[in-house]
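Novice: What follows is a structure written as structure tokens; I'll ask about it next.
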Amino acid sequence: MKEIKIDTEFIKLDQLMKYASMVQTGGEAKMLIAGELVLVNGEICTQRGKKIRPGDEVLFDGETYKVK
């Protein structure tokens, strides 16, 4: 599990994916999210603007990212 620290109340899912280097571009994040390849707290998420807050977990490509 990788821990990702944010200094704001929340971060949008597509922005988190870029920030954590899961993807190179926002367009890539958009396609992967729309393709149902990203889970937030154990559930498939298709909202690229979903607010991710400290305590949330994002699962992508077999790796879990815990937001702190």
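Novice: Number of Lys pairs in segment 2-67 with C-alpha atoms less than 16 angstrom apart, excluding same-chain neighbours closer than eight positions?
Specialist: Close lysine pairs found across segment 2-67: 17.
Novice: How much net charge surrounds VAL23 when only the other residues with a Cβ under 10 Å from the Cβ of VAL23 are counted, with Lys and Arg +1 and Asp and Glu -1?
Specialist: Numbers: positive: LYS18, LYS30; negative: ASP14, GLU28, ASP61.
Result for the local shell: -1.
Novice: To the nearest 20 debye, what is the magnitude of the charge dipole of segment 2-67 about its Cα centre, counting +1 on the Cβ of each Lys and Arg and -1 on the Cβ of each Asp and Glu?
Specialist: Working: 10 positive and 11 negative charges, 43 e Å.
Value, rounded to 20: 200 debye.
Novice: Are there any GluC sites (Glu not before Pro) in the chain that are in a DSSP loop and have at most 13 other Cβ atoms within 10 Å? List them by number.
Specialist: Details: sites: GLU3, GLU9, GLU28, GLU36, GLU43, GLU57, GLU63; in loops: GLU9, GLU36.
Those satisfying the criteria are GLU9, GLU36.
Novice: Run through the chain and list the chymotrypsin sites (Phe, Trp or Tyr not before Pro) located in a DSSP loop whose Cβ has at most 12 other Cβ atoms within 10 Å. Write down the numbers at each step before the final one.
Specialist: Numbers: sites: PHE10, TYR19, PHE60, TYR65; in loops: PHE10.
Passing both the DSSP loop test and the Cβ count: no residue.
Novice: Something else: Amide H of ILE52 versus every other amide H placed in the peptide plane: which residues, excluding those fewer than 5 positions away on the same chain, fall under 5 Å?
Specialist: The list, which skips near neighbours in sequence, is ILE11, LYS12, LEU13.
Novice: Please report the relative contact order for segment 2-67, taking Cα pairs under 8 Å with a sequence separation of at least 6, and give it as a percent rounded to a whole number.
Specialist: Working: 105 pairs, mean separation 24.9, N = 66.
RCO, segment 2-67: 38 percent.
Here, each number is a calculation from the coordinates, and none is a lab measurement. Worth saying up front: this structure is predicted, and the values here are computed from it rather than measured. Note that we place each Cβ from the backbone using ideal geometry, even for glycine, and neighbour counts take in every protein chain shown.
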